[in-house]
Amino acid sequence: MNDTRRSILESLADGPVSGPTLADSLDVSRAAVWKHVEGLREDGFEIESGPDGYSLAGIPAYNGPAIEYGLEAPFSVEYHESIASTNARARELAADGRSDVAVLADEQTGGKGRLDREWSSPSGGIWVSILCRPRVPPARAPLYTLAAAVATARTAREAGIDARIKWPNDVVVPVAGDDLEGADDEQVSGDGSYRKLSGILTEMEGETDRIQWLAVGIGINANFDASEVPAGSTTLREERRRRANGGRHENGNENESHEDVDRRLFVQRLLEEFHTLRTDLERVVPAWRELTLTIGQRVRVELPDETVVGEALEITEYGGLVVDDDDAGRIMVSAGDCTHLRPV
Ligand code: BT5
């Protein structure tokens, strides 16, 4: 959003302001004010004209300008109703030299998980890629993925959901012991199973000693039913419904639900949390440890050429997982697919 439009919205937030007053305070012509007001209306802002001037009667539910309005983090927002993959778009923007852009979409038609897996991204989700250019060596890149997991879990917790982190990059919701229906028998947390709420895919380009750009892609199942994504997943809507029903799961047939989150506010909090963490990387791992279910669990970690099974002991300063492997003893793994297992 351009600065003049941002200033107009800020002025209108405190009550009606006349066109001439806006023109004076912004040092633009009255015609320019009118043009910007029309532009804001086209973006979905409800701007009424009354005897005292313009007033702001409503903001759009979810689009780029709406997310930028009131966002307290230095990202510009590019929003698409539908796109193949926000990560692919972030890569294009990186090639154009851009930075600090959040690419968002209501729906992705070619969402990607790690190792080129498919990521289901129906309409109603939060599909976002944050493009940035941190001045750190590539070895520290995993901290941005961990920061995204912390930011996601914290924001979901603010929305009333018991979101936790599974190493390295999944945000999951533990399943209570009496609600195991549909949960994978093998995937267990300390007190039952878990369902996946969010996944993160970080892509980067760089040299040995410097990151060129980094795109942190965060997928959060938000305002749709869990039946739209693979078994073993959950959504914000589903979890809030479950909570409202006292823990029982009930299927909803409607397309919209009063348990839906305000995606605009959710994304703003997510970007703000991520920004706070990226400016203070020392705090990322301690914050991650507080939210994880993995440490102390018996885990299986699938690596490209081997599988490690044992107790997860610790996370290293750059996000590696230390496992006490049943055969090989203490091993550090830096990436892989991790499953929590039932204790032997
Ligand atoms: C991930 O991969 O968890 C990373 C997902 C990143 C998605 C975001 S959305 C915004 C940005 N743009 C993109 O194109 N991608 C990023 P991984 O750990 O490999 O998990 C993938 C596996 O999760 C799949 O093989 C499915 O089994 C499962 N899966 C697919 N869609 C899912 C969903 N919506 N919710 C939960 N699980 C899903």
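The values are calculated or read from the model by the stated rules, or taken from the named source; none is laboratory data. The structure displayed is predicted, hence computed values, not measured ones. Virtual Cβ from ideal backbone geometry, glycine too; neighbours counted across all protein chains shown. Heavy atoms of the whole protein, side chains included, go into the accessibility calculation; ligands, DNA and RNA do not. Shrake-Rupley method; radii C 1.70, N 1.55, O 1.52, S 1.80 Å.
With every protein chain left in place, what is the accessible area per residue of region 193-247 in square angstrom, probe 1.4 Å?
That works out to 37 Å² per residue.
Leaving out ligands and nucleic acids, and using a 1.4 Å probe, what accessible area per residue does region 101-156 come to in Å²?
It amounts to 33 Å² per residue over region 101-156.
With the dipole of region 294-344 worked out from charges on the C-beta (+1 for Lys and Arg, -1 for Asp and Glu) around the Cα centre, which of Thr307, Leu341, Ala328 lies farthest toward the positive end?
About the Cα centre, the residue reaching furthest to the positive side is Leu341.
Charges only on Cβ, +1 for Lys and Arg, -1 for Asp and Glu: so what's the dipole of the chain about the Cα centre, in debye to the nearest 20?
I would put it at about 440 debye.
Leaving out ligands, DNA and RNA but keeping every protein chain, what accessible area does Val173 have, in Å² rounded to the nearest 10, with a 1.4 Å probe?
Answer for Val173: close to 10 Å² accessible.
Quick check: Cα centre of region 211-243 to Cα centre of region 92-135, how many Å?
Comparing the Cα centres of region 211-243 and region 92-135, I get a distance of 14 Å.
Rounded, prolate or oblate: which one fits region 231-344, using the alpha carbon gyration tensor with axes a ≥ b ≥ c (rounded when a/c is under 1.5, else prolate when a/b beats b/c, else oblate)?
oblate
Could you check what % of the DSSP bridge pairs in region 64-291 are antiparallel, to the nearest 5?
DSSP beta bridges in region 64-291 are roughly 80 percent antiparallel.
Let me have the 222 nm mean residue ellipticity of the chain computed from DSSP H runs of 4+ only, each contributing -39500 (n - 2.57), with the sum over all residues rounded to the nearest 500.
Per the formula, -8500 deg cm²/dmol.
With +1 on each Lys and Arg Cβ and -1 on each Asp and Glu Cβ, how big is the dipole of region 298-340 about its Cα centre, in debye rounded to the nearest 20?
120 debye
Compute the Cα gyration tensor for the chain, then decide on rounded, prolate or oblate, letting a ≥ b ≥ c be the square roots of its eigenvalues: rounded whenever a/c is under 1.5, prolate when a/b is larger than b/c in the other cases, and oblate in all that remain.
prolate
Which of rounded, prolate, oblate describes region 3-58, given a ≥ b ≥ c as roots of the alpha-carbon gyration tensor eigenvalues and a/c under 1.5 marking rounded, otherwise prolate only if a/b is larger than b/c?
Rounded, since a/c falls under 1.5.
Measure out, as a whole number of angstrom, how far apart the alpha-carbon centroids of region 158-177 and region 33-91 sit.
31 Å
On the protein heavy atoms, probe 1.4 angstrom, tell me the percent of accessible surface of the chain carried by carbon and sulfur.
With neighbouring chains kept in place, the figure for the chain is 44 percent.
Taking the chain as the reference, fit the longest principal axis to its C-alpha atoms, fit the long axis of helix 3-12 to the helix C-alpha atoms, and give the angle between the two in degrees, 0 to 90, nearest 10.
So the helix axis and the longest Cα principal axis differ by about 80 degrees.
Extending each Cα 7 Å along its Cβ direction at Arg289 and Asp262, get the distance between those two points in nm, one decimal.
A separation of 3.6 nm, rounded to one decimal place.
Using a 7 Å offset from the Cα along the Cα-to-Cβ direction at both Trp34 and Ala176, what is the distance between the two label points in nm, to one decimal?
Label at Trp34, label at Ala176, 6.0 nm between them.
Taking the Cα-to-Cβ direction at Glu81 and at Arg41 and moving 7 Å from each Cα, how far apart do the two end points lie in nm?
Placing both labels 7 Å along Cα→Cβ, they lie 2.1 nm apart.
Roughly what angle does helix 263-278 make with the longest principal axis of the chain, taking Cα atoms, 0 to 90 degrees, to the nearest 10?
Roughly 70 degrees between the two axes.
Quote the accessible area belonging to Ser121 in square angstrom, nearest 10, computed with a 1.4 Å probe and with ligands, DNA and RNA left uncounted.
Taking all protein chains as shown, Ser121 has close to 10 Å².
Which lysines have a Cα lying under 22 Å from the Cα of Lys196, excluding residues fewer than 8 positions away in the same chain?
Lys112, Lys166
Given the Cα-Cα distance of Ser227 and Asp337 and 0.36 nm per residue of separation, how much length would full extension add, in nm?
37.3 nm
Under a Cβ-only charge scheme (Lys and Arg +1, Asp and Glu -1), can you give me the dipole magnitude of region 39-132 about the Cα centre, in debye to the nearest 20?
So the dipole magnitude of region 39-132 works out to roughly 540 debye.
Once fully extended, how much extra length lies between Gln212 and Ser49, figured as 0.36 nm per residue of separation less the alpha-carbon to alpha-carbon distance?
Once the chain is fully extended between Gln212 and Ser49, it gains 54.0 nm.
In Å², what does the accessible area per residue of region 298-340 work out to with a 1.4 Å probe?
Each residue of region 298-340 exposes 50 Å² on average to a 1.4 Å probe.
Could you grab the relative contact order for the chain? Cα pairs under 8 Å, six or more apart, rounded to a whole percent.
RCO, the chain: 14 percent.
How large is the accessible surface of Met1 in square angstrom, using a 1.4 angstrom probe and rounding to the nearest 10?
Surface accessible to solvent at Met1 totals approximately 50 Å².
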